[in-house]
Amino acid sequence: MTSRRARLLAGVVAAVAAIVALLMTGLGRDPSVFASPLVGRAAPNFTLRQLDGPPVTLARLRGQVVVINFWASWCTECQVEQPALDQTWQQFQDSGVVVLGVDFQDTIGAASSYVRTDGVTYPVVEDAGSKTALAYGLRGVPETFVVNRSGRIVKHVIGPVGATALASEINSMLGTRDQ
Amino acid sequence: MNAAGTLRRARASLPGLLVLAALAAGLATLAVVAVSGHPPPSQAQQVQQIAAGLHCPICKDLSVADSPAPLAQQMRQEIAQKLRAGESPAQIRAGFVAAYGDSVLMSPPRQGVTGAVYYLPVLVLAAGLITAFLLLRRWLRTPQADPPGAGAPQLSASQRRAVARAVARLHEEEPG
């Protein structure tokens, strides 16, 4: 094989490899799962009315790890993850961790009823007009954002969260200094 | 100068005056259009324009303007509120991109991998056309001569002797 043919072959192989690599970047991920551009950035601030208590302002929770869970009483997957969130709240509330439920596209009556009957122990706030949901780029419920003590979003979970994974994340954050 | 002469001169210059008047009227109309321009869009039209450029985050393939989903309705309300608060359409779009990423735009910017999707086929097509052109030109210029080494094969002395013997044998075997 002449060197010219070898160069041509190498060029063709390189071009095909480049196209395959480009396709692999797209084929390797689920197109229905979007990575939030907010991860690594400051969590958008909000002040929301609590279902049973004073309003909650995120900025005032600075210095604590905050688990923001968007949910709704009509959402079945939210019911699945709710025990894990309760467990997390019970386990870490004395360690500087806040679990906060943000009620999304719901009625106060239905949300309050759910909180009472299903024994939700962590604070729950109402997102009237979905302003906070839009600021967090919400695409549905449940979605969970973990905010570190510096107020930055470090984790975004689409779908139900698990108690073990959440505890692991929180433990690693409590054991390290935030950037 | 009598009255008849004045009237004749006036009649003679009438077409020129009419042309001048028409030109003046045309210029005046152009000036009015240039100054006034298009009327500014109403706020509802602005909301519609911005919403049409945003992808409904929970829909398969609908814009925020076209989707009946509650989240799309809330996005339209948010756009209206931000317009009333004095934000520009670009600022509003940037706000949604900050929360949702480029995927919220109906026409994502042509950068990074998205840009490659736009430009790579064009580049590959251009490279193919250039290659085809170069090959075609070379084929047309090159005379259709036998490649080097073609033609009578180079035989060794023993091979030539073997061929001569084979030919002689053939001649002997030929009838007549």
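Within region A:103-145, the set of residues being among the β-branched types (V, I, T), over 12 Å from the mean Cα position of the chain (by Cα) and within 30 Å of A:G175 (Cβ to Cβ) comprises A:V120, A:T121, A:V124, A:V125, A:T132. The residues in region A:99-154 that are at positive phi and either surrounded by 22 or more Cβ atoms within 10 Å (Cβ to Cβ) or not assigned by TED's automatic domain parsing to the domain that holds A:W89 (or both) can be counted, and the count is 1. Entry remark, region B:64-78: residues being over 14 Å from B:L105 (Cα atoms) and not acidic (D, E) number 9 in total. For the residues A:L27, A:L51, A:L38, the requirement of being surrounded by 11 or more Cβ atoms within 10 Å (Cβ to Cβ) and either modelled with pLDDT under 95 or more than 13 Å from the chain's Cα centre (by Cα) (or both) singles out A:L51. Scan region B:76-110 for residues that are within 25 Å of the chain's Cα centre (by Cα) and touching a residue at least 40 places away in the same chain (Cβ under 8 Å) and the total you get is 6. Out of everything in region B:29-56 that is at pLDDT 80 or above and among the hydrophobic types (A, V, I, L, M, F, W, C), what residue ends up being farthest from B:I79 (Cα to Cα)? Step by step, filter region B:29-56, then rank; the result is B:C56. Among the residues of region A:88-97, those that are part of a helix (DSSP H, G or I) and surrounded by fewer than 22 Cβ atoms within 10 Å (Cβ to Cβ) comprise A:W89, A:Q90, A:Q91, A:F92, A:Q93, A:D94, A:S95.
In the set A:L100, A:L85, only one residue is outside any helix (DSSP H, G or I), in contact with a Phe, Trp or Tyr (Cβ under 8 Å, 6 or more places away or on another chain) and more than 14 Å from every other protein chain (Cβ to nearest Cβ); that residue is A:L100.
Every condition in (1) within 10 Å of chain A (Cβ to nearest Cβ); (2) touching a Phe, Trp or Tyr at 6+ places or on another chain (Cβ under 7 Å) holds for B:R110 except the one numbered (1).
B:I130 fulfils the conditions (1) over 27 Å from A:A21 (Cβ atoms); (2) assigned to a helix (DSSP H, G or I); (3) modelled with pLDDT of 90 or more except for a single criterion, (1). When you check A:L138 against the structure, is it farther than 21 Å from A:Q91 by Cα, within 14 Å of chain B (Cβ to nearest Cβ) and touching a residue at least 12 places away in the same chain (Cβ under 8 Å), yes or no? In short, yes.
The values are calculated or read from the model by the stated rules, or taken from the named source; none is laboratory data. Treat the numbers as computed from the prediction; the structure is a model and nothing was measured. When we count neighbours, we look across all protein chains shown, and the Cβ atoms used for this are built from the backbone with ideal geometry, even at glycine.
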